[in-house]
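Here's the structure, in structure tokens; my notes come after.
The values are calculated or read from the model by the stated rules, or taken from the named source; none is laboratory data. Predicted model, so just to flag it, every value in this text is computed and none were measured. Here Cβ is always computed from backbone atoms with ideal geometry, including for glycine, and neighbour counts include all displayed protein chains. Calculation scope for accessible area: heavy atoms of the full protein, side chains included, ligands and nucleic acids excluded. Shrake-Rupley method; radii C 1.70, N 1.55, O 1.52, S 1.80 Å.
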Amino acid sequence: LAHLPLVAAGKVLGVLSLSWHEEQPFCREDQQLLQTMAAICALAIQRAELMETNTEIAAVLQRAILPGHLPRHEGFGLAARYLPAEAGAQVGGDWYDAFDGPDGSLWMSIGDVGGHGIEAAALMAQLRNAIRANAFAGLDPARCLDVADRLLAALNPDEMNAVVATAAVLRIDPRTGT
């Protein structure tokens, strides 16, 4: 039998146990091979745990960024479902939003910041919230997008690595339907 601790970053993650049908003498090279194998297994486990943690963090972030509920207006039925564009992607730059404006209007926005990962999600949250803030400042949808565009340029001044975002904003007056 050989029992080898699986150690990564000074933390014991488990034990790798190997067995043979017959007694097995281990020379120095065999011991080094087994220790190397255990170290590689420990790194693989550590990376898998890190990936799982990052996936959980990304899922929590995505849920926190997207609206928790959609507004209700007579004559309008809203429903939303978010699915990542990439298989296995848990967070990205896509967003949707719907909220009641200060004058009772119904606002909706949908957009996408180029890229995936925490950085794209963080930038997406800033743009989505900028559109909300601009609506509450009394700007119309076109001006909301103009301000969001200028914000994106200010957050991303390097033209060589400029981030691309697309968005649409809609304001509906439930009283008139316009």
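List of remarks:
- For segment 1-31, a tally of residues being open to solvent by 90 Å² or more (accessible area, probe 1.4 Å) and not aromatic (Phe, Trp, Tyr) returns 12.
- Applying the criterion of being in a helix (DSSP H, G or I) and of a type in the set (Lys, Arg) to the residues of segment 136-173, the residue that is farthest from Asp100 (Cα to Cα) is Arg150.
- Residues within segment 38-48 that are touching a residue at least 24 places away in the same chain (Cβ under 8 Å) and farther than 12 Å from Val15 by Cα, tallied: 2
- Checked against the criteria, Ile57 counts as open to solvent by 70 Å² or more (accessible area, probe 1.4 Å) and under 30 Å from Leu127 (Cα atoms).
- If you go through segment 123-148 and keep only what is open to solvent by 80 Å² or more (accessible area, probe 1.4 Å) and modelled with pLDDT under 90, you end up with just Gln126.
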